[in-house]
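Enquirer: I'd like to ask you about the structure that follows.
Derivation of every value follows stated rules applied to the coordinates shown; laboratory data play no part. Remember, predicted model here, so these are calculated numbers, not experimental data. A quick note on method: Cβ atoms are made from the backbone with ideal geometry, for glycine too, and the neighbour counts reach across all protein chains shown.
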């Protein structure tokens, strides 16, 4: 069930980002035409495009994490013994949760400060908590994905471990 929730959520994020990207391209085109053909540019167009790219980077990172399409440096890992591969995988999950959690907390604090101050972008008047909030949401999702996958990994490792017999079992007495 949790896998289906993540799948639907990441699919919705992907579609929203695709629409935002199409909007950014159309806005850029209209701004170029306006600037060179009419001598006027659209006020705040650059702000909007930049914040769309911020959203694409950080929310898109969550989608990439869910689909396991992120870059990995694991060429040599395939040659390690199974126990070491398992250890590295567990360490990777733990580090992702830790680092993404730290970034989540810091970006949430910063977004909250932007909200409390009522800070907006200079040209478009976009509340600055929105683009900073996308950083928090992206890293929060990455942390949740890693936590979920880490839990599944630990469960699978526990099921693979043979149960050690007690001292009295198999002694023949």
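Enquirer: Connecting C-alpha atoms closer than 10 Å in a GNM of the chain, tell me which of 34, 150, 60 has the biggest fluctuation.
Expert: 34
Enquirer: Right, next: Can you tell which of 33, 103, 64 shows the greatest fluctuation in a Gaussian network model of the chain with Cα springs below 10 Å?
Expert: Its mean-square fluctuation being the largest, the pick is 33.
Enquirer: State, to one decimal in nm, how far the label point of residue 119 lies from the label point of residue 28, with both points 7 Å from Cα in the Cβ direction.
Expert: Simple spin-label model gives 2.6 nm for this pair.
Enquirer: Right, here's the next one. Under a plain spin-label model, where a point goes 7 Å from the Cα along Cα-to-Cβ, how far apart in nm are residue 68 and residue 155?
Expert: So the label points at residue 68 and residue 155 sit 1.6 nm apart.
Enquirer: With just the Cα atoms defining each centre, how far is region 18-39 from region 71-101? Give it in Å.
Expert: 43 Å
Enquirer: Shifting gears a bit: With n ≥ 4 as the cut-off for DSSP H runs, can you work out [θ] at 222 nm for the chain, using -39500 (n - 2.57) per run divided by the number of residues, rounded to the nearest 500? Spell out each step's value before the answer.
Expert: Details: 4 runs with 122 residues, N = 173.
-25500 deg cm²/dmol, from helical runs alone.
Enquirer: For the chain, what does the relative contact order come out to in percent, with C-alpha contacts under 8 Å and a separation of six or more?
Expert: 26 percent
Enquirer: So how do 51, 110 line up by other beta-carbon neighbours within 10 Å, fewest first?
Expert: 110, 51
Enquirer: Would you mind telling me which residue in 74, 46, 122 has the biggest mean-square fluctuation in a Gaussian network model of the chain, where springs connect alpha carbons within a distance under 10 angstrom?
Expert: Checking each option, the largest mean-square fluctuation is seen for 74.
Enquirer: For P(r) over Cα pairs in 10 Å bins from 0, in percent, one of (i) 7, 21, 17, 12, 7, 10, 15, 9, 1; (ii) 9, 25, 26, 18, 11, 6, 3, 1, 1, 0; (iii) 10, 41, 40, 9, 0 was computed from the structure I shared and the rest are decoys. Which label?
Expert: Matching the structure shown: (ii).
Enquirer: Enumerate the residues in region 137-158 having an amide nitrogen under 17 Å from the point lying 7 Å beyond the Cα of residue 1 toward its Cβ.
Expert: Under 17 Å, as judged by backbone N against the label point of residue 1, lie 148, 152 of region 137-158.
Enquirer: With r defined as the distance between the Cβ atoms of residue 82 and residue 102 and R0 fixed at 22 Å, what FRET efficiency is calculated, to the nearest 0.05?
Expert: Efficiency, rounded to the nearest 0.05: 0.10.
Enquirer: Once you have the Cα-Cα distance between residue 91 and residue 16, take 0.36 nm times their residue separation minus that, and quote the gain in nm to one decimal.
Expert: Difference between extended and current length: 23.7 nm.
Enquirer: Over region 80-139, what number does the Rg to Rh ratio reach, with both radii from the alpha-carbon atoms and Rh per Kirkwood? Kindly include the intermediate steps, with their values, before the conclusion.
Expert: Working: Rg = 17.6 Å, Rh = 13.4 Å.
Taking Rh as the inverse mean 1/r over Cα pairs, Rg/Rh reads 1.31.
Enquirer: Grab every C-alpha pair in region 44-130, bin the distances at 5 angstrom width from 0 up to the longest one, and report whole percents.
Expert: P(r) over region 44-130, rounded to whole percents: 3, 11, 13, 18, 15, 12, 9, 7, 5, 4, 2, 0.
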